[in-house]
Amino acid sequence: MMRVILAQPRGFCAGVVRAIDIVERALQKYGPPVYVRHEIVHNKYVVESLKAKGARFVENLSEVPPDAVTIFSAHGVARAVEEEAAARNLPVLDATCPLVTKVHNQGKRYVAQGRNLILIGHAGHPEVEGTMGQISAPVFLVQTEKDVEELDIPVDAPAAYVTQTTLSVDDTRAIIAALERRFTDIVGPETRDICYATQNRQTAVRELSKLVDVILVVGAKNSSNSNRLREIGAEAGVPSYLLADGSELEPAWVEDVLTVGITAGASAPEVLVEDVIAALRRLGPVEVSTLAGREETIEFRLPAELARV
Ligand code: SF4
């Protein structure tokens, strides 16, 4: 009998629930199609389900026809995108997670104080592109401690940092320490920008790693927070694998394994966790339990025009 232990919390966060809700309510209120710029959240199953209901996913606003309802994804967008939508008079619903917006606002405040703004994040991630594009001043992106050494900012110039919401707490700790060593006048947010959901899922996977032989992280390859969960499992010395659903389970990962831990990134629905458990059951008998973990009660308000749909 293989034991399966589920991390708690896992899967959907409040920002993802809100973003999906916005698309579904927009479809109900305005009828299909509605246009979503970028994957609403980084999960193929979610995107395909919404496509089936009439959502159309585009990378550029130029692909959106005149007057079509347009939704910005949970990752946020640059000011140029907002301005393009306004110039075209597109009716916009903004599904940017409020915690991402909080980082934008924090960055703007630092720039208004005359500080050089440093963003800790991954190049090319849409959240990072959105945050950099929200600030009307150069933003210095750092991904590693080495990048900190190479920053072209005088060491005594006023500086500030913000971070991508879905990084690993440990990674940012090392980079923040490097920034504080290098710059004599640097400030950062009082509470870390790593969001509550990322933090809670990382704490839970650390707990899980003490109890299991293998960790399966349910999430998409392009999901930042899912990748961090896999890395944390591996750093704790437990073989850890990222898989989109049960079809990607490699029997070799769990061969002769007694206890398997499962968690899911913030954009992965519970149905995919169940799909992975079903795939394990096809290999042999399985007993499932769930770790005690932190209860999450956070909910984000919907845009006013959709609240009554
Ligand atoms: S992971 Fe955090 S920042 Fe990203 S959508 Fe969820 S709550 Fe918002």
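Here are some notes:
- Per-region count, the range 33-72, residues of a type in the set (Asp, Glu) and not in a helix (DSSP H, G or I): 3
- Filter pass, residue 76 being on the phi > 0 side of the Ramachandran plot, open to solvent by less than 10 Å² (accessible area, probe 1.4 Å) and outside any helix (DSSP H, G or I): yes
- If you filter the range 25-40 down to residues that are over 10 Å from residue 55 (Cα atoms) and more than 15 Å from the ligand (Cβ to nearest atom), you find that the one that is surrounded by the fewest Cβ atoms within 10 Å (Cβ to Cβ) is 28.
- Annotation: of all residues in the range 79-125 being of a type in the set (Val, Ile, Thr) and in contact (Cβ under 8 Å) with a residue 24 or more places away in the chain, the one that is nearest to the ligand (Cβ to nearest atom) is 100.
- The set of residues in the range 138-186 being within 16 Å of the ligand (Cβ to nearest atom) and acidic (Asp, Glu) consists of 171 alone.
- A single member of 61, 6 is farther than 29 Å from residue 289 by Cα, more than 16 Å from the ligand (Cβ to nearest atom) and modelled with pLDDT of 95 or more, and it is 61.
- Looking only at residues of the range 176-205 that are small (Gly, Ala, Ser) and in contact with a Phe, Trp or Tyr (Cβ under 9 Å, 6 or more places away or on another chain), we find that the one that is farthest from residue 291 (Cα to Cα) is 188.
- For the range 1-11, the candidate set comprises residues that are of a type outside the set (S, T, N, Q) and more than 16 Å from the chain's Cα centre (by Cα); within that set, the residue that is most open to solvent (accessible area, probe 1.4 Å) is 1.
- Failed criterion for residue 71 (all others in (1) within 24 Å of the chain's Cα centre (by Cα); (2) open to solvent by 10 Å² or more (accessible area, probe 1.4 Å) hold): (2)
- Reported count of residues in the range 165-181, each being in a helix (DSSP H, G or I) and in contact with an Asp or Glu (Cβ under 7 Å, 6 or more places away or on another chain), is 3.
- Filter result for residue 46 (within 15 Å of the ligand (Cβ to nearest atom), at pLDDT below 95, buried (at least 19 other Cβ atoms within 10 Å of the Cβ) and within 17 Å of residue 222 (Cα to Cα)): no
- Residues (part of a loop (DSSP other than H, G, I, E, B) and crowded, with 24+ Cβ neighbours inside 10 Å) located in the range 12-24: 13
- Residue list for the range 43-67, restricted to those being in contact (Cβ under 8 Å) with a residue 60 or more places away in the chain and of a type in the set (D, E, K, R): 44
- Count - residues of the range 274-304 that are open to solvent by 80 Å² or more (accessible area, probe 1.4 Å) and assigned to a helix (DSSP H, G or I): 3
- Only one of 166, 131, 96, 184 that is under 30 Å from residue 219 (Cβ atoms) and either surrounded by fewer than 16 Cβ atoms within 10 Å (Cβ to Cβ) or at pLDDT below 95 (or both): 166
The rows are residues; the columns are (1) under 16 Å from the mean Cα position of the chain (by Cα); (2) of a type in the set (Phe, Trp, Tyr).
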{"residue": "161", "(1), (2)": "no, yes"}
{"residue": "177", "(1), (2)": "no, no"}
{"residue": "210", "(1), (2)": "no, no"}
{"residue": "213", "(1), (2)": "no, no"}
{"residue": "229", "(1), (2)": "yes, no"}
{"residue": "250", "(1), (2)": "no, no"}
{"residue": "254", "(1), (2)": "no, no"}
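- Within the range 237-262, residues that are in contact (Cβ under 8 Å) with a residue 24 or more places away in the chain and within 25 Å of residue 224 (Cα to Cα) sit with their Cβ atoms under 9 Å from residues that are among the aromatic types (Phe, Trp, Tyr) and open to solvent by less than 60 Å² (accessible area, probe 1.4 Å), at 6+ positions apart or across chains, in these pairs: 239/253; 241/253; 243/253; 260/253.
- Selection over the range 68-78 of residues that are more than 16 Å from the ligand (Cβ to nearest atom) and aliphatic (A, V, I, L, M) gives a count of 3.
The values are calculated or read from the model by the stated rules, or taken from the named source; none is laboratory data. Since the structure is predicted, the reported quantities are computational estimates derived from the model, not experimental observations. No Cβ is skipped: glycine too gets one built from the backbone with ideal geometry, and neighbour counts run over all protein chains shown. We work out accessible area using only protein heavy atoms, side chains counted, and drop any ligands, DNA or RNA first. Shrake-Rupley method; radii C 1.70, N 1.55, O 1.52, S 1.80 Å.
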